1. Any chance you could give the angle, 0 to 90 degrees and rounded to 10, that helix B:13-28 forms with the longest Cα principal axis of chain B?
2. Return a single number: how many Lys pairs in the stretch B:65-213, at a sequence separation of 8 or more or on separate chains, have alpha-carbon atoms below 29 angstrom apart.
3. Sort shortest first the distances from residue A:28 to its counterpart in every other copy, using label points 7 Å along the Cα-to-beta-carbon line, and give them in nm.
4. List, shortest first and in nm to one decimal, how far the label point of residue A:110 (7 Å from Cα along Cα→Cβ) is from its counterparts in the other copies.
5. With only alpha-carbon atoms counted, please give the Rg and Dmax of the stretch A:12-136, in Å.
6. Working out 0.36 nm times the residue gap between residue B:73 and residue B:150, then minus their Cα-Cα distance, what length gain in nm do you get to one decimal?
7. Per DSSP H run of n ≥ 4, the term is -39500 (n - 2.57); total these for the protein assembly as shown, divide by its residue number, and report the mean residue ellipticity at 222 nm rounded to 500 deg cm²/dmol.
8. Over chain B, what is the relative contact order in percent, taking alpha-carbon pairs closer than 8 angstrom and at least six residues apart?
2 protein chains.
Amino acid sequence: MNKRSGEVGKDETKDRIMLAAESLFAERGFMSVSLRDITTEASANVAAVNYYFGTKDALIDELIIQGNHPLMKARMQLLDDAEKRYQIGVVPAEVILDAVMRPMLTLLEQQGERREVYCKFMGRCMTERGNNLPVPVMRAAQRLIKRLSRMLADALPDMEPEVLAWRVHFCFGVLGHTLMHDELLREVTKGASGTPDFETTLQRMIDFCKGGLNAGSSANLVSSGSQGTFLF
Amino acid sequence: MNKRSGEVGKDETKDRIMLAAESLFAERGFMSVSLRDITTEASANVAAVNYYFGTKDALIDELIIQGNHPLMKARMQLLDDAEKRYQIGVVPAEVILDAVMRPMLTLLEQQGERREVYCKFMGRCMTERGNNLPVPVMRAAQRLIKRLSRMLADALPDMEPEVLAWRVHFCFGVLGHTLMHDELLREVTKGASGTPDFETTLQRMIDFCKGGLNAGSSANLVSSGSQGTFLF
DNA sequence: GTCTATAAAGAGATAGAC
DNA sequence: GTCTATCTCTTTATAGAC
């Protein structure tokens, strides 16, 4: 209770439960893991989850907050830094995108052997819990998006704000999908996707999103019924 | 059993179950919906699911196959068409991307009032079942990816096949995330994302992915430790 | 094909001894 | 803080009457 957050790993029951729960949720999803699965994996008693967290949902929320808070904080910090560096001019879109994406890598590097767990868990947060995030995470997301929108509107003044909002959304889609489905890619390409490390993958995501963010728009150039003939 | 697939909507128990199940799965996810939820919604008896499908998983698989088969078929058809049209030269990357994305819209338009259900259900398939797809869907995905890879390698001969594989993966990430999380976007942007129709959103996805697919690569230009100073 | 009734297993949660 | 034991509810699945 009065420990600094992030100070995990002491062999205390609560920490063991959180580590076990994070791994199992990452691997199998929130709904397919029972409290018994968790306490068994954590070598704890069934009643322990209830003692420490109250309910299963409260445990999930605590894990999501614990996983997301440092990420949001690091993103905001990088945006602060960027604004300081570009006090004279405008922060370029690429720098803004970098501030969103790169903290994922930085945090990953702090995870040691738990990198894959962290990736998948954060992916689950985005894909399976996107509509049911804990209030503080939701609020943090809103603050981030609001700030991103303002900064990107300055960087890309010719782009409609609505289009911008969707493109940012697409970037998060790339991130979430990538965090979750590396095995799917490996299976579906039968190995042609290689086994790149996280840094390489992150850089590829950034490249892709950068291209997407800056892409030309063909809005209103296409109407329905044109499929198969319209060639961009 | 001896009905043509796609011939739904006759007020038969089996069809009512499939429609109800698709809606509920789309809305709440596969693991959070019980057979009782489904049969209640479908005004059918609890035992009916077992009678018609055997198990809950068999029902899920049948729905996933039913949802994915026409999509895969339409994509392959558009790739066929494109190859015919470009017999002399090479099919441009944009046309290939279009063949992957646009069938989603075409099929959507056939869904009438069930558009949103179809969107979310297909999104769930990609995000929640990506690692556990029915064998025929997995095979179809492999065939599609293999073909895409060959065609895109011709269209973008300077791009490494591995990078290409990941960029295609990113495109599917954009699609899946968008299908699932329109409300999340609305909530997180507090309305700034507007309420575009599906066509507009699809066109925005295509624009974005087109930019991403063609983006310049900064592979090997960045090494770790450079975050915050490297500016693209 | 549709129903009731029920089996068998598993879920989350809690009371109360230690 | 940790344990056993148990409550209560829900789940999937099936047997057997109609």
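1. 50 degrees
2. Number of lysine pairs found: 11.
3. Result, one decimal in nm: 2.1.
4. 5.0
5. For the stretch A:12-136, the Cα-based Rg and Dmax read 17.2, 59 Å.
6. Extra length available between residue B:73 and residue B:150 comes to 25.9 nm.
7. Estimated from H runs of four or more residues: -22000 deg cm²/dmol.
8. Numbers: 169 pairs, mean separation 46.6, N = 232.
Relative contact order here is 20 percent.
Laboratory data are not the source of any read-out in this text; all were calculated from the coordinates shown. Predicted model only: the values in this text are computed from it and were never measured. All Cβ positions, even for glycine, are placed from backbone atoms using ideal geometry, and neighbour counts span all protein chains on display.
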